[in-house]
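First the structure, in the form of structure tokens, and then the observations on it.
The values are calculated or read from the model by the stated rules, or taken from the named source; none is laboratory data. Being a predicted model, the structure only gives us computed values, none of them experimental. Glycine gets a Cβ as well: all are built from the backbone with ideal geometry, and neighbour counts include every protein chain shown.
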Amino acid sequence: MSRVYPFDDAATARAVIDDDGTLVEWNEGARRLLGHPAETVLGRPAARLLARQDRLALPRGTRWQGTVELRHRDGRTVAVWLLVHRRPPHGGHGGDWLVVTPLAGAEPPAEDDPLAAAGLIQSPCAVAVYDAQLRLRRMNESMAEVVGLPRERLRGLRLTEIGGRPQSDDLEQGMLQVLTTGRPLDVQTFTRAGGEDRAHAWLARMAPVRDSQGRVRGVCLAAHDITDSHRARQRLQLVNEASVRVGSTLDVTRTAQELAEVCVPALADFVTIDLLDPQDYGGEPPARLSAPVTLRRAAHRSVLDGVPEAVREAGQTEEYPAGSPQADSLTAGHTITVSGTVEDLLPWLTWNSARGERVRRFGMHSSMSVPIQARGLTLGVAVLARHRRPDPFTADDRLLAEEITTRAAVCIDNARRYSRERETALALQRSLLPRTLPRTAALEASSRYLPAARAGVGGDWFDVIPLSGMRVAMVVGDVVGHGVEASATMGRLRTAVRTLADIDLAPDELLTHLDDLVVRLSEESGGDGSPGEVGATCLYAVYDPVSRRCTLARAGHPPPVLLRPGGRPRLLDLPAGPPLGLGGLPFESAEVALPEGTVLALYTDGLVTSRERDGDAGRELLYEALAGHTDSLDTTCDRVLHALLPPGGAPDDVALLLARTQGLPAAQVATWDTPADPALVAPIRKQVVEQLDAWALSEAAFTAELVVSELVTNAIRYGSHPIRLRLIHDATTLIVEVSDTSHTAPHLRRAKTFDEGGRGLLLVAQLTQRWGSRHTPEGKTIWAELSLFEEDQ
């Protein structure tokens, strides 16, 4: 069936002019207006139609309107109002100009014309007219339907009297403003119209009504229902707010709380967020579940203070059986919505009488359970309920809740993964750090390690390593980066430092070997092979309680802070040295005397540097904290951390090692210069026995005599002169040291049956707790430790 259009093409005079000013179209209306047939004007310049023979000036822009004098066919001049449109190229042709002017319908309508009154009465828009006293004069049928009252009964009432709601006062104030200023005004309001039980969003457009002299005689009010666009805008705003607010931290509980806060009150009156414990499923949340389901309350939120609707507190767990909203939505894998009266919801809550009581008390009438899922895994469920808002959840509400929950689920999963990785790295870090510091006669030590509050566990470490001769090594280091890789690298470096310390390398030599190791780790890390792929800093110090001197070297690490007894804290001046991993650069050592009772603070840069302050300002705070130290190094550690770190935690991980030096009294050390004569070994043994008697260590004399005999004899036979014997003891250990100027170190070997020698060091190894050798600038020292505690047993 063909469609009949009521158009009269000749009622409009229409012509088309191309870019060079030539007429290319001319309709019947144009002929009626100017009398020229189409064949006489097409293809000819349009300028010939101008009353004045000027060059045709095409307008600029895309539209133009104005009055032009045109030449009629009979020679007279006709003033015509023209509307000109610039049309873009089409159909392979260039652009042109469309020129139109009306012929029919332009005259004023007659007084009895039905179209003249249709603008108000038959308009599909709700329209009402109020007089100068803002009393209703007329309204059309659409407005009467909105109001829900007969319009013939409302004439003479004010808007506040017709509406009877607070929103009516706002609208009347707007009408008064239009009446006094004469300027139109738009007002948006949210109210129930007529007998509706659900509020709508309305746009009230108000305009002044003027008489023929231009005086304002009333106000015209047109009401437009914008509920759909209003709700769409609200939903878009809520989704945008959720994308900004949810996931601000990598904390699972905080992210769940943010999700609940976004939903209340914009979407629900009461929200609960319950999450699965991944530990119950082997560390990873499951893809599908079966009832019953155990969930932990992560967060909840309500429009009421104190969240009185909640049955469980945050952090508590509960088993949800089949038939509960939580279990049903999780097992089904999709959102479940229940709406109706309180009685309609109660069968869903028969499994929990406390929840049924809360439903009755607060009048909950609509519930929606949304599974929290991300990357194919089920993380938990969000339950939304309404009791203050009268309207139930709609399909749009469901889509909105699922959109917000899906966004939040990704954030919760990211936070969960981060927390798991952080806990793994922290467990690895803790296992690689010393659980307790060794008790030595050289110093008393205390330490602290704190992971970064946000960046996670890093590669900071510390250690206290007992060395031969009652000496002790202290080390603090920092691997660049955070996470499991940094912790693993830290563990390798700490093991390497302990191994290198065990062979008694000087601090600068130890850092040189450690630098070579870091270079090899960089090559193994899969980088481009250039230095610095794996970076670290380190400070290594060796303290000797006999001489009370400390030798230190550092590789790009912050220098330690020194606090001598009765003095002020100060920074120890040490050669900086390059960071580990650059390769080929030298390290320098420095030696400093440390009186007994000196406190040495070794730390990583995370303690003193932050975004708010530089290292110098941080060290000033460290000086103040150390200046008030007590006899307890543990208390001093806590004071330092409290003074330098923010309440929310450090931005970088922190390692702190405090050590108080102790000196070994000269009375506990005995030294003899030994002649290079094997026949004099017996007198030396006698001197050792007499010294042990003087120390009240006679029970260790037999073993010590054998060890001294073997070590001195070996030094006389294979070493270089001069030879020196030294005995050192504390409450639990006796140390025998024999030094000579030869750099050749002995090796333990098992002697064969007919060998005349080779059994001395084997005998020493069997009689002592441990033994070894260390190189000195003058040669070497062979040492052995005897446990006095075992001798007492």
Need at least 3 residues that are in contact with a helix residue (DSSP H, G or I) (Cβ under 9 Å, 6 or more places away or on another chain) and crowded, with 24+ Cβ neighbours inside 10 Å per element, so show me which strands (runs of 3 or more DSSP E) inside region 487-566 make the cut, counting only ones lying wholly within it. 536-544, 549-555
From LEU83, LEU98, which residue is among the aliphatic types (A, V, I, L, M), at pLDDT below 90 and closer than 21 Å to VAL41 by Cβ? LEU83
Candidate set: region 585-599, residues that are crowded, with 21+ Cβ neighbours inside 10 Å and not hydroxyl-bearing (Ser, Thr, Tyr); chosen: the one farthest from the chain's Cα centre (by Cα): LEU594
Kindly indicate whether ARG32 is under 12 Å from LEU70 (Cβ atoms) and out of contact with any strand residue (DSSP E or B) (no Cβ under 6 Å at 6 or more places or on another chain). no
Restrict the check to region 655-665 and report whether at least one residue is more than 25 Å from GLY567 (Cα to Cα) and of a type in the set (D, E, K, R). no
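State all residues of region 650-662 that are in contact with a Pro (Cβ under 8 Å, 6 or more places away or on another chain) and modelled with pLDDT under 90; if no residue qualifies, say none.
The answer is ASP653, and nothing else.
Working only within region 510-526, note down all residues that are among the hydroxyl-bearing types (Ser, Thr, Tyr) and at pLDDT below 90.
Hits for region 510-526 are SER522, SER525.
Conditions (1) among the aromatic types (Phe, Trp, Tyr); (2) surrounded by 13 or more Cβ atoms within 10 Å (Cβ to Cβ); (3) touching a Leu at 6+ places or on another chain (Cβ under 8 Å); (4) not assigned by TED's automatic domain parsing to the domain that holds ARG548, marked per residue:
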{"residue": "ALA682", "(1), (2), (3), (4)": "no, no, no, yes"}
{"residue": "ARG685", "(1), (2), (3), (4)": "no, yes, no, yes"}
{"residue": "ALA694", "(1), (2), (3), (4)": "no, no, no, yes"}
{"residue": "VAL707", "(1), (2), (3), (4)": "no, yes, yes, yes"}
Are any residues in region 610-632 under 15 Å from VAL561 (Cα atoms) and buried (at least 18 other Cβ atoms within 10 Å of the Cβ), and if so, which ones? GLY618, ARG619, LEU622, ALA625, LEU626, HIS629
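Residue-by-condition table, conditions (1) without any contact (Cβ under 8 Å) to a residue 12 or more places away in the chain; (2) in the same structural domain as ARG183 (by TED's automatic domain parsing); (3) closer than 17 Å to VAL146 by Cα; (4) in contact with a Cys (Cβ under 9 Å, 6 or more places away or on another chain):
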position	(1), (2), (3), (4)
ALA193	no, yes, yes, no
HIS200	no, yes, yes, no
ARG205	no, yes, yes, yes
ASP211	yes, yes, no, no
GLY214	yes, yes, no, no
GLY218	no, yes, no, no
LEU236	yes, no, no, no
ASN240	yes, no, no, no
Collect the residues in region 42-72 that are touching a helix residue (DSSP H, G or I) at 6+ places or on another chain (Cβ under 6 Å), at pLDDT 90 or above and assigned to a loop (DSSP other than H, G, I, E, B), keeping them in residue-number order. HIS72
Could you tell me which numbered condition LEU602 fails, if it satisfies all but one of (1) under 23 Å from GLY458 (Cα atoms); (2) buried (at least 18 other Cβ atoms within 10 Å of the Cβ); (3) at pLDDT below 90? (3)
Restrict the check to region 562-576 and report whether at least one residue is within 21 Å of GLY481 (Cβ to Cβ) and in contact (Cβ under 8 Å) with a residue 24 or more places away in the chain. no
Scanning for something at pLDDT 90 or above, of a type in the set (Lys, Arg), surrounded by fewer than 22 Cβ atoms within 10 Å (Cβ to Cβ) and under 23 Å from the mean Cα position of the chain (by Cα), does region 413-433 turn up at least one residue? no
